[in-house]
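The values are calculated or read from the model by the stated rules, or taken from the named source; none is laboratory data. Predicted model only: the values in this text are computed from it and were never measured. Here Cβ is always computed from backbone atoms with ideal geometry, including for glycine, and neighbour counts include all displayed protein chains. Quick note on the areas: whole protein, heavy atoms, side chains included, nothing else; ligands and nucleic acids left out. Shrake-Rupley method; radii C 1.70, N 1.55, O 1.52, S 1.80 Å.
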Amino acid sequence: MASSLRIRTAIILIFSVFTVLFLVFLFFYVKRGFQQTRTEISEDVMVEKIANIGKLELVKYTMKDVLEKKELRLILPDKRILFVAAGEVTGCIDLTKVGKDDIVKSSADSVTVYLPQPEICYVKLDHKRSKVYDVSGAWFPADTKEMVEGIYKLAEQRILQNAKEMDILGKTRQNAFVIFKPMLENISGKKVGIKFR
């Protein structure tokens, strides 16, 4: 009887040890499962439009601007956002608008090329270098989000306006003579005159 009690106790002890070990293993396995994350990205790319680009970029202004926007309120504290915007504006000439009629042979060794007026190619903010420094007076996350989106749009407009005030189109026109004219002369082997329509 004592020997069967010992065997029974040994079996219960072994079973208990295996059960505890299994539960410890299960705990760490489940814990690891909760801590591990797996990221899945799925995408469906659709080409909406393919455009031929014939724009010759002749100048790029890289700028920084500090903007502070306030919404003054009578009772509640004013909404305020402070933003440092970094971006660039590029001036170019659209060479797709140049046709055969725009290239006029002046003499045996000279050609006049009529170019379209310079234009702004693009304005873009550098999101890595731009930063919101302070937002105050916003009570809800939606207000903060709206203020941040609004300041980004305003910053893009201001960078474009500043580039225009600094005569980016005039600098583009000037660079057509400095950069584009020598290139045409080297290609054609003739003296090239540039005029704008």
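Residue pairs, Cβ under 7 Å, 6 or more apart or interchain, first in the range 182-197 and free of Cβ contacts under 8 Å to residues at least 24 places away in the same chain, second assigned to a strand (DSSP E or B) and open to solvent by 60 Å² or more (accessible area, probe 1.4 Å). List them.
185/191
Of all residues being open to solvent by 50 Å² or more (accessible area, probe 1.4 Å) and modelled with pLDDT of 85 or more in the range 127-148, which is farthest from residue 175 (Cα to Cα)? Just the residue, please.
Filtering the range 127-148 for residues that are open to solvent by 50 Å² or more (accessible area, probe 1.4 Å) and modelled with pLDDT of 85 or more, the one farthest from residue 175 (Cα to Cα) comes out as 131.
Just the residues that are out of contact with any strand residue (DSSP E or B) (no Cβ under 7 Å at 6 or more places or on another chain), of a type in the set (D, E, K, R) and in a helix (DSSP H, G or I), please, taken from the range 144-197.
If the condition is that a residue be out of contact with any strand residue (DSSP E or B) (no Cβ under 7 Å at 6 or more places or on another chain), of a type in the set (D, E, K, R) and in a helix (DSSP H, G or I), then 145, 146, 149, 153, 164, 165 are the ones that fit.
Restricting to the range 85-120, and then to whatever is open to solvent by less than 30 Å² (accessible area, probe 1.4 Å) and among the hydrophobic types (A, V, I, L, M, F, W, C), can you tell me which residue is nearest to residue 189 (Cα to Cα)?
In this case the residue turns out to be 111.
Evaluate the following for residue 172: is it surrounded by 14 or more Cβ atoms within 10 Å (Cβ to Cβ), of a type in the set (S, T, N, Q) and modelled with pLDDT under 90?
Spelling it out, it is not the case that residue 172 is surrounded by 14 or more Cβ atoms within 10 Å (Cβ to Cβ), of a type in the set (S, T, N, Q) and modelled with pLDDT under 90.
Within the range 133-143, count every residue that is among the aliphatic types (A, V, I, L, M) and part of a helix (DSSP H, G or I).
1
Within the range 60-84, take every residue that is in contact with an Asp or Glu (Cβ under 6 Å, 6 or more places away or on another chain) and over 16 Å from residue 139 (Cα atoms) and give me the one that is most open to solvent (accessible area, probe 1.4 Å).
Filtering first and then ranking leaves 60.
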